[in-house]
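Please see the structure below; I have some questions.
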Amino acid sequence: MDKYNQNIDIPHENTTKPTPKIPTSLSIKKTNPKIVALIGLLGLGLLSLIVTFIAQSDFPNRTSLQSNKLNQSSIETPTPVGDNPWQIELNSILTNLTSESPIPIISIEENLTF
Amino acid sequence: MIYLIILFFLFFKPNPLLGQNLISQYQTDLSYQQDLYNQSYDTYSQKKIIHQQYNSIATESELINAIKDTIQFRNSLLIAYLNLITTKLDIYKHQDSSSVTSTIQNILNQQNQWLQTQSAKISLISNKSQIDQYNQQFSQNYQQIQQYTNNAIIQSQINYQNSIIVQIKNLMLKIKASPNFDSQAQNWILEIESQLNLSSDLTYQASLLIKTDTLESYRDYSSFYLEAKPHLDSSKQNLLKVVENIQGVIKKFI
């Protein structure tokens, strides 16, 4: 036991190493939590704006419109669209003719009396 | 920098509201405003019954507020309606060689502005006599609004059908130029052309029913679109037959 103890006899005072001194230029400054919160809020605001921006763009509408148009043309023009450009032009005219929705008529009460 | 980015996202939207997109937006707005108006009108009707029953200062005050709300929603509904109509007229406006479409749009824009100015005045109404005064003024303007919305409905369909007629005429010119175009095809095309002229005549008859003058004798502007509708419907049915006949020509001769 003593033999082993002799071999591993490390002086205890030497185990605690002195902490290296960080140069003042590299030391991390203590950040103000208010500034962190402000930056976080701005970031969130920007993110929500981007989300709104994407949601307002008509990409999904455009694709759904296109698919609607395709569906409409396939329903309204039963004849297959051949290679003939006149047939294609005629089908386009037919689609225009059948897809137009007139201006609706609204009715209101003119005299709001007692 | 962040503020600049925020400003960019606020003011520069990627989709310019043009044409069909704008129309579908106005249509959505119109149905939304229609719902609001219907709700406020129902409330007004209920308050009117209650006031007629109890006739107190409290019920009168509630009725005045209900009328003011209904007037406000009615104005918003009409503004949405005029926005939709004037934008719809823009689509086939180029088919109108006369100035009728522009005249209709100008009048409707003026009425739109008038309605907007009135919306600001409604909050100042506080008693029965002011409501009566407002009703009188509204009736005068509404007569012109009715007249020109009817005109617009007719004119927009005329312009649209005329654009179809032009498209068909252009296609027929191309067909006529085909090397396979023989005398039999010529007879078919002549028949189709006379059918097409019938549609032109019908839209012309509908155009005669547009009333841009203020006629003292003509008091009811609420339904004169219904007088033009049979002509426009016949013309559209006729155009469908024309398209069917051209399809026959293309299949047989080309």
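Quick note: the coordinates plus some simple rules give every number you see, no bench work behind them. As the structure is a computational prediction, the values presented were derived from the model and not from experiment. Using ideal geometry, Cβ is built from the backbone for each residue, glycine included, and neighbour counts are taken over all protein chains shown.
Given labels modelled 7 Å from the Cα in the Cβ direction, how far is it in nm from B:TYR204 to B:LYS93?
2.6
What ranking do B:LEU124, B:LEU82 get, fewest neighbouring Cβ atoms within 10 angstrom at the top? Please report the intermediate quantities before stating the final value.
Details: B:LEU124 9, B:LEU82 25.
Least crowded to most crowded, the residues run B:LEU124, B:LEU82.
Could you check the spin-label model distance between B:ASN127 and B:GLU244? Points 7 Å from the Cα along Cα→Cβ, value in nm.
Those two pseudo-labels are separated by 6.7 nm.
How large is the Rg to Rh ratio of segment B:85-158 when both quantities use alpha carbon positions and Rh follows Kirkwood? Write down the numbers at each step before the final one.
On the way: Rg = 15.3 Å, Rh = 13.7 Å.
Taking Rg over the Kirkwood Rh, I get 1.12.
While we're here: With respect to the cross-link table entries B:LYS176/B:LYS236; B:LYS176/B:LYS251; B:LYS88/B:LYS174; B:LYS169/B:LYS236, which display a Cα-Cα separation exceeding 19 Å? Working shown, then result.
Details: B:LYS176/B:LYS236 24 Å; B:LYS176/B:LYS251 14 Å; B:LYS88/B:LYS174 30 Å; B:LYS169/B:LYS236 15 Å.
Too far apart for the 19 Å limit: B:LYS176/B:LYS236; B:LYS88/B:LYS174.
Taking only C-alpha pairs under 8 Å that are 6+ residues apart, what is the relative contact order of chain B in percent?
19
State, as an integer percentage, the relative contact order of segment B:123-249 based on alpha-carbon contacts under 8 Å between residues 6 or more apart. Let's see the in-between values first.
Numbers: 83 pairs, mean separation 48.5, N = 127.
Normalised by residue count, the contact order of segment B:123-249 is 38 percent.
Still on this model: What length, rounded to one decimal in nm, is gained on full extension from B:LYS252 through to B:GLN136, with 0.36 nm per residue of separation minus their alpha-carbon distance? It would help to have the intermediate numbers written out before the result.
Values: separation 116, 0.36 × 116 = 41.76 nm, distance 6.44 nm.
Gain on stretching B:LYS252 to B:GLN136: 35.3 nm.
From the Cα gyration tensor of chain B, with a ≥ b ≥ c the square roots of its eigenvalues, which class applies: rounded if a/c is under 1.5, or else prolate if a/b is larger than b/c, or else oblate?
Values: a/c = 3.07, a/b = 1.92, b/c = 1.60.
Prolate, since a/c reaches 1.5 and a/b exceeds b/c.
For labels at B:ASN180 and B:LYS211 in the simple 7 Å Cα→Cβ model, what's the distance in nm?
About 5.2 nm separates the two model spin labels.
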